[in-house]
Structure formats: structure tokens, C-alpha cells
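Derivation of every value follows stated rules applied to the coordinates shown; laboratory data play no part. Bear in mind that the values here come from a model prediction, so they are computed numbers and not experimental data. Positions of Cβ are backbone-derived with ideal geometry, glycine not excepted, and every protein chain shown enters the neighbour counts.
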Amino acid sequence: MDTNITVDRANLAITVQLELLQSHLKNASELSTTAHERMTHGDRNGALGCIADLDARLSEANALYGAALVLHCMTPLDEDRGREQSVANIIEGIRERYPGITPWISPGGIFSLRLSCDDGGYISITDPLDGINAEILVDGRQTPPTLEMERYGPDHNILESVYLTSLDEIVAWIDSALSCAGARKSVE
């Protein structure tokens, strides 16, 4: 997949996606209100029709949300392009190996990738510098891209947390975490 898209085009595409998302969510709100009104007036079939339409509208909204997140990850700010492109390459490698992984935004607004485990928990992969224009220097040298890996239990408590820099380390850690969670590996 070619990830070379200009920042201006990505910003335009994200803006359009967010406008469509806003429209879908407004329509979803209207469908929810209509379903409630119909149910309170005894029109159960009409309410169920609205709920089916609501489900479809929310699925479309979720797809728009995911696409906007992907574009955000694919198009770093120009000053961060070197580091961010390395992170993007690692993330692309992770997504190829684990197709069940999905984009997710934390309540704090941090983008991450999330992989569900069979035990009801999940694995979260986060770029700790996402959205931060910072250069990390150690002994005068820029550090390699680092991703934060966390395994959560079914009750959302952190069971394990590490920082890793290479795709091989990350894949080994994910496989180990999935094994600890009693989960099957998504892809070899």
C-alpha cells in the first residue's frame, strides 16, 4: 500500500470525512428520537425499523471514523516525517500480521491500535509521542521510534506494559501476550 499522501490532501480528506461523520451522527440522533417517539406511541414495528436504520448509520459512521484515524496516522507533520514514517512502517507491519487489530481513540484522545483477546481483555499499541512535536535525544542521538505495548485484563486493568522499538520485538511480545491471555494468534 502506498502511504505517500500530501499533508494538504490528507487534511482535506479528513475534513470531508469529519463533515460526513457529523452528518451521519446527526441523522443517527434523529433516528433514535424517532424510534423513541414511535415506541411511546405504540408503534413497535416503526420503532424497530428506525433502530435497524440507526444501526446501519452508526456502522457507516464508524467506518468514516476509522478512515479518518488511518489518514491521521499515514500523514505526519512535515517536521516529524522521518520518525513518523518509521512508526508508520512498524504499524503497517503489525496490521499485516494481525488483521483483527482496529484503530481506537482513548478517552484522553490518544490514537492507538487495539487487539481483542479471547479472555475479554485486549492489547493496546500506542505511539507515546502521538500528537507531540518532540525530538527525543539520548546522548545527543535521536532515539529510534518506540511504541508502548500494554495488555489489559477483562476488567480494563493493565497487566503488562513495555516500550519496544522493532517490529520483531513487537510481534514477539504480542504473540506472548496473546498466549498469556489464552488467545489464538491472529496470523502467522
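Using amide H atoms built in the peptide plane, which far-off residues or other-chain residues are under 5 Å from LEU159 H to H?
Long-range HN contacts for LEU159: ARG151, TYR152, GLY153.
Under a point-charge model restricted to the Cβ atoms of Lys and Arg (+1) and Asp and Glu (-1), what is the dipole moment magnitude of the stretch 7-74 relative to its Cα centre, in debye to the nearest 20?
On the way: 5 positive and 8 negative charges, 12 e Å.
About 60 debye.
Can you put MET39, MET149 in order of Cβ neighbours within 10 angstrom, beginning with the fewest? Let's see the in-between values first.
On the way: MET39 15, MET149 20.
Going from sparsest to densest Cβ surroundings: MET39, MET149.
Taking θ as phi - 60°, what are the ³J(HN,Hα) couplings along the stretch 160-171 by the Karplus curve (6.51, -1.76, 1.60), each to the nearest whole Hz, with x for Gly and Pro?
For the stretch 160-171, the Karplus curve yields 7, 8, 9, 10, 10, 10, 10, 4, 4, 4, 5, 4 Hz.
Give me ARG44, ARG114 sorted ascending by neighbouring Cβ count inside 10 Å, so fewest comes first.
ARG44, ARG114
Working out 0.36 nm times the residue gap between SER29 and LEU159, then minus their Cα-Cα distance, what length gain in nm do you get to one decimal? Mind showing how you got there, number by number?
Numbers: separation 130, 0.36 × 130 = 46.80 nm, distance 3.72 nm.
Once the chain is fully extended between SER29 and LEU159, it gains 43.1 nm.
Give me ILE90, ILE158, ILE110 sorted ascending by neighbouring Cβ count inside 10 Å, so fewest comes first.
Numbers: ILE90 23, ILE158 11, ILE110 15.
Listing ILE90, ILE158, ILE110 from fewest to most nearby Cβ atoms yields ILE158, ILE110, ILE90.
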